[in-house]
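Presented below is the structure to which this report refers.
The values are calculated or read from the model by the stated rules, or taken from the named source; none is laboratory data. Every value quoted in this text rests on a predicted model; they were computed, and no experiment measured them. As a convention, Cβ positions derive from the backbone with ideal geometry for all residues, glycine included, and neighbour counts pool all protein chains shown. Just the protein is used for accessible areas: all its heavy atoms, side chains included, with ligands, DNA and RNA removed. Shrake-Rupley method; radii C 1.70, N 1.55, O 1.52, S 1.80 Å.
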Amino acid sequence: MLKKIAYFVKVFTLCFFTFVMVYVTVFYGLSIIPAKVIPENSQQSEDEIVVYLSTNGVHTDFVVPFVHEVMDWRTKVELPATRAQWIAFGWGDKGFYLNTPSWSDLRLSTALSAISGVGESAMHVTAYTHFVEDENTVELRLSKSEYQALVHYIDVSFKKEGETYQRIEVEGYRQSDAFYEAKGSYSLFYTCNTWVNQGLKQMNQKAALWALHDQGIFRHYK
């Protein structure tokens, strides 16, 4: 009996480490490969719309103008920051967002639920009166049609009742943010950064073939 248990443990351990090695290899390999070669455009237009990619070292957000002729986000989200100039959108696991305001609050059950793909997702929405570009941000200059594609991509990621976003009635991390119900499921193979990477593809910007970590995106903008 003990020999069978030892054999099972050995096989399980071998399979686990093999999976981890394959996962990490594929993860880094696909993130290095560009989705497509985007030519550098040195010409700038007065009609360009500035948006940002912003990371906290793990999670990437889209940061876009709060009010623009393409989309006035005041008509979609409820945030107390009435003087906001920018708004950030970050898709992710609902349980992780609501139960893990800081890394010290992370529980094993929350992590396992997130990577399994069985949980629900949420959109974290944050308003900024000012947004300062730093080493954790990338500026993108979009045409109107490209920005329309991004707005559409963000919009269809929300769960809706009619055309109304479904706000989750919990407190945000600060007074300037809120959570909304979102479509899709977070998993080991589709993360918050994958969502951003897919959005970049939708608006024909530089992106990885597949990205699970923020650096899989940002390495294409260095």
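Residue-wise test of (1) assigned to a loop (DSSP other than H, G, I, E, B); (2) basic (Lys, Arg); (3) closer than 17 Å to VAL63 by Cα; (4) touching an Asp or Glu at 6+ places or on another chain (Cβ under 8 Å).
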| site | (1), (2), (3), (4) |
| --- | --- |
| LEU140 | no, no, yes, no |
| HIS152 | no, no, yes, no |
| GLU169 | yes, no, no, no |
| GLN175 | yes, no, no, no |
| TYR186 | yes, no, no, yes |
| THR194 | no, no, yes, no |
| GLY199 | no, no, yes, no |
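Of everything in segment 25-75, what is of a type in the set (D, E, K, R), modelled with pLDDT under 95 and either assigned to a loop (DSSP other than H, G, I, E, B) or open to solvent by less than 50 Å² (accessible area, probe 1.4 Å) (or both)? Give them in sequence order. Within segment 25-75, LYS36, GLU40, GLU46, ASP47, GLU48 qualify.
May I ask you to say which residue of LEU140, LEU200, LEU188, LEU150 is more than 30 Å from ASP47 (Cβ to Cβ) and of a type outside the set (S, T, N, Q)? Working first, answer last.
Working: LEU140 fails: more than 30 Å from ASP47 (Cβ to Cβ); LEU200 fails: more than 30 Å from ASP47 (Cβ to Cβ); LEU150 fails: more than 30 Å from ASP47 (Cβ to Cβ).
Step by step, each of LEU140, LEU200, LEU188, LEU150 is checked, and only LEU188 is more than 30 Å from ASP47 (Cβ to Cβ) and of a type outside the set (S, T, N, Q).
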